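> Before we start, here is the structure in question, set down as structure tokens.
The values are calculated or read from the model by the stated rules, or taken from the named source; none is laboratory data. Everything numeric here is computed off the predicted structure, so don't read it as measured data. Every residue, glycine as well, gets a Cβ built from its backbone with ideal geometry; the counts of neighbours run over all protein chains shown.
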Amino acid sequence: MTAPQPQPELQHAQFGRVSVYFGAKSGKYPDGNQVLIAGADTRAALDTPIVSNFIGAAFDACELVVLGHPHEDHTAGLHRLPHAQVFVHEADLAMVQSWEGLAAAMGSDPASAGETLAKFQSEFFYAPRPDARGYADGASWDVGGARITAFHAPGHTAGHSVLVVEPEGVAFIGDIDLSGFGPYYGDKASSLTDFRATLARLPDIPAKVWVTSHHRGIYTDRERFLADLAIFAGKLDERSERLMAMLDEGPKTLDELVARRLLYPPTFEASWVTGAETRTILRHLDELIAAGRVRADGEGLYRAA
């Protein structure tokens, strides 16, 4: 593959030793926003989205990569850093070490796994990193004049983590992206329960600046950050109520609910959509059953209690 060339006109923001390079459309998927730390003795990157391929020396000199999580759009620059140390939360380690680990955690359909791998290789420069090492909640890295600390924030993936850089107080919150779409927990290794707990805990993580991987970019106003976080978290209950509205019409099978869609418009088609919808709907059904609002019978029907 031909390596992309740097684009010196890339927009970025500076917070002390921390630089944030904005991906296309504020890092909208498939791109993302790149956080770099120029430590006195170590240059570090937090995730490596597509935009990392266009930054040049400031990125290519990185000796350390700390991943908040290892989805394809967050590892698109690892191929440029073959000698850098790569760390990811231990719960997500298999995802970055091999394609098989990534496919299993995402719940990729075996029938389309080859097509997905080819797409990741061509569009995200995907290459596994078997040399990657795992970290635990609270792990930290001193890069000379700055320290990176990991706060485990699962839900999107099992190991998804918020990465805070001190003394600047910059929190890279990854795919807690505060987008209008809302939280995504459609992978096999995702968790709705964990995502709810993460969103409730996020305001307690000390920070002055919040950087999302996608869409919103940078927040420097805590009140605005908290307001958008509340809207983002509210999408979870909105989805539960939409699901209840479907069941209020009458009992339905899981397949019927999936056909109606909870996340995506019925007209949107991709190889992974059915799996993501199925897992997401089942997670909401489990919550609603536990709350006594839905009943499941032995014939595969779900009904409002």
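> How many of the residues making up region 103-137 are out of contact with any strand residue (DSSP E or B) (no Cβ under 9 Å at 6 or more places or on another chain), within 17 Å of residue 69 (Cβ to Cβ) and aliphatic (A, V, I, L, M)?
Of the residues in region 103-137, 4 are out of contact with any strand residue (DSSP E or B) (no Cβ under 9 Å at 6 or more places or on another chain), within 17 Å of residue 69 (Cβ to Cβ) and aliphatic (A, V, I, L, M).
> Would you point out which residue out of 243, 301, 236 is out of contact with any Pro (no Cβ under 8 Å at 6 or more places or on another chain) and either buried (at least 18 other Cβ atoms within 10 Å of the Cβ) or modelled with pLDDT of 95 or more (or both)?
Checking each option against the conditions leaves just 243.
> Quick check on region 169-178: of everything there that is buried (at least 21 other Cβ atoms within 10 Å of the Cβ) and of a type outside the set (Asp, Glu), which residue is nearest to residue 216 (Cα to Cα)?
Of everything passing the filter in region 169-178, 178 is nearest to residue 216 (Cα to Cα).
> For region 212-221, check the following and say yes or no: at least one residue is small (Gly, Ala, Ser), more than 25 Å from the chain's Cα centre (by Cα) and at pLDDT 95 or above.
no
> Please verify whether residue 172 is touching a residue at least 40 places away in the same chain (Cβ under 8 Å), farther than 17 Å from residue 280 by Cα and among the aromatic types (Phe, Trp, Tyr), treating the condition exactly as stated. Talk me through it step by step, then tell me what you get.
Working: touching a residue at least 40 places away in the same chain (Cβ under 8 Å): yes; farther than 17 Å from residue 280 by Cα: yes; among the aromatic types (Phe, Trp, Tyr): yes.
Yes.
> For region 185-201, give me the residue count where each residue is under 21 Å from residue 231 (Cβ atoms), touching a residue at least 60 places away in the same chain (Cβ under 8 Å) and not polar (S, T, N, Q).
Residues that pass the stated criteria total 3.
> Does region 253-273 hold any residues that are closer than 23 Å to residue 304 by Cα and not in a loop (DSSP other than H, G, I, E, B), and which are they?
Selection gives 253, 254, 255, 256, 257, 258, 259, 260.
> A follow-up question, please. Would region 221-231 turn up any residue that is under 22 Å from residue 36 (Cβ atoms), hydrophobic (A, V, I, L, M, F, W, C), surrounded by 15 or more Cβ atoms within 10 Å (Cβ to Cβ) and not assigned by TED's automatic domain parsing to the domain that holds residue 30? Outline the logic, then answer.
Pass one, region 221-231, residues under 22 Å from residue 36 (Cβ atoms): 225.
Cutting the leftovers down to hydrophobic (A, V, I, L, M, F, W, C) gives us 225.
Within this subset, residues satisfying the condition of being surrounded by 15 or more Cβ atoms within 10 Å (Cβ to Cβ) are 225.
Next, only the ones that are not assigned by TED's automatic domain parsing to the domain that holds residue 30 stay: 225.
There is at least one residue in region 221-231 that is under 22 Å from residue 36 (Cβ atoms), hydrophobic (A, V, I, L, M, F, W, C), surrounded by 15 or more Cβ atoms within 10 Å (Cβ to Cβ) and not assigned by TED's automatic domain parsing to the domain that holds residue 30.
> Among the residues in region 202-211, are any buried (at least 16 other Cβ atoms within 10 Å of the Cβ), touching a residue at least 60 places away in the same chain (Cβ under 8 Å) and closer than 30 Å to residue 166 by Cα?
yes
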